1. So how far apart, in nm, are the two label points at K176 and K209 if each is 7 Å from Cα heading toward Cβ?
2. If neighbour count is taken as other Cβ atoms inside 10 Å, put E140, E75, E181 in order from fewest to most.
3. Mind running the shape call on region 221-345? Use the C-alpha gyration tensor, a ≥ b ≥ c as the square roots of the eigenvalues: rounded below 1.5 for a/c, prolate if a/b tops b/c, oblate otherwise.
4. Per 0.36 nm of contour for each residue apart, how much would the distance between V305 and R330 grow if the chain were fully extended, relative to their Cα-Cα spacing?
5. Stretched out fully, how many nm does the piece from S233 to L62 gain, at 0.36 nm a residue minus the Cα gap?
6. Taking 45 Å as R0, compute the FRET efficiency from the Cβ-Cβ separation of I291 and S161 and round it to 0.05.
7. Mind running the shape call on region 171-235? Use the C-alpha gyration tensor, a ≥ b ≥ c as the square roots of the eigenvalues: rounded below 1.5 for a/c, prolate if a/b tops b/c, oblate otherwise.
8. Could you pull out the pairs from K138/K212; K209/K273; K137/K273; K57/K78; K78/K209 whose alpha carbons sit more than 30 Å apart here?
Amino acid sequence: MELGPDFKPLDEWVESMKKFGLRLAALGLSALVLGLWCENATSQGLPFGALNGEELKGSFQLESVGFVSVATQREYEKVEHLRGDVFLPVLTGETTDFAFQVRGSRLSLDRDRATTATAGVIPRDLGSSSVGPFFRKKLESGDIVTGDIQVGRSGIDLGSSTTATTVAANLFWGRKKSDDEGQWIYLLSYSNSRSSLNNIPFPGFAYAKSFKTETSQGVWAAGAPFFFALIRSNPWSFTSLLTPFTSFIDAGYSFVGPFGVFARFGWQPQGFKVNGGPAERILYEEFRTQIGLRGPLSKSILATVGFAYSDGRRVAWGDSLSRATVFESRLDDETSLFLSLSGRF
């Protein structure tokens, strides 16, 4: 998929951006659904693109939030988020495909933080990494089955005894598309490193459908327990995700071809499984407002840069965010810079 076509007349730009919007919808859906069922995972055009029978392509995503702190209310309130993942197809065929995935994340505080309980000190550096296979099988009925397994380590120091083994597995079954281009998708997910609902196989379902009119196009998906919508009406775009696990609203405006501005508000939770301490996990959450620019660096790489304002921040020991109240530390608001790069190859 080409994220940044060569410069063309305006009418050709409009048509290319329409095609880009539909492909972006597939990417967005996959990222959001995998993010819902396995919070620390980020997808690469999967599983929705895969469930539609699209060709599997290699992809990557790198994101840094808070690498430069612009302003905080007090010293030692800086938080930096790093995240990266790579999706690499290794075998593709007419009915069966295999790929390999590598994922990692890091959360860095300015210092070790004391909590409301004296025994619950929270270390300044947390991280996770995982690797695993992905497969896709096209059935004779027209249905498509995809699955992935991720095994890794998570904790305070990935090379020490404080880390714990993380396991995540997802299974998706996409029914053959109906005459109106709608598609039922059923899924089963397990993880021991979410910020809630850990160590249980979690079932779900969704109905996804794309639409196109004379002035707009997009896609929506509704299921248990989430709703997602992406709408593009050049030069405007709108994306929304509402779930009990993570949520955001994003609005964008393209002013020159694929280059544009955007604003986003979201709730961002994370969970890190650890060995030792007053609980099995260290949990983090914040409400983040972002304003920035989007545009291609090349035909295959898309860049996003801007300012992020984070508030409602807290880090805690606990099994889930709803019960993490005793060993907790709250952080002041922060304004910082963010940068992300993504692409397909």
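Computed from the coordinates by the stated procedures, all read-outs in this text should not be read as laboratory data. Bear in mind that the values here come from a model prediction, so they are computed numbers and not experimental data. Cβ sites come from the backbone with ideal geometry, for glycine too, and all protein chains shown count toward neighbours.
1. If labels sit at K176 and K209, their model points lie 2.0 nm apart.
2. On the way: E140 6, E75 9, E181 13.
Fewest to most other Cβ atoms nearby, the residues stand as E140, E75, E181.
3. Values: a/c = 2.26, a/b = 1.89, b/c = 1.20.
Since a/c reaches 1.5 and a/b is larger than b/c, the shape of region 221-345 is classed as prolate.
4. Working: separation 25, 0.36 × 25 = 9.00 nm, distance 2.69 nm.
Fully extending the segment from V305 to R330 adds 6.3 nm.
5. Net length gain for the segment: 58.8 nm.
6. On the way: r = 42 Å, r/R0 = 0.94.
Once the sixth-power term is evaluated, E becomes 0.60.
7. Details: a/c = 4.12, a/b = 1.85, b/c = 2.22.
Verdict is oblate for region 171-235.
8. Too far apart for the 30 Å limit: K209/K273; K137/K273; K57/K78; K78/K209.
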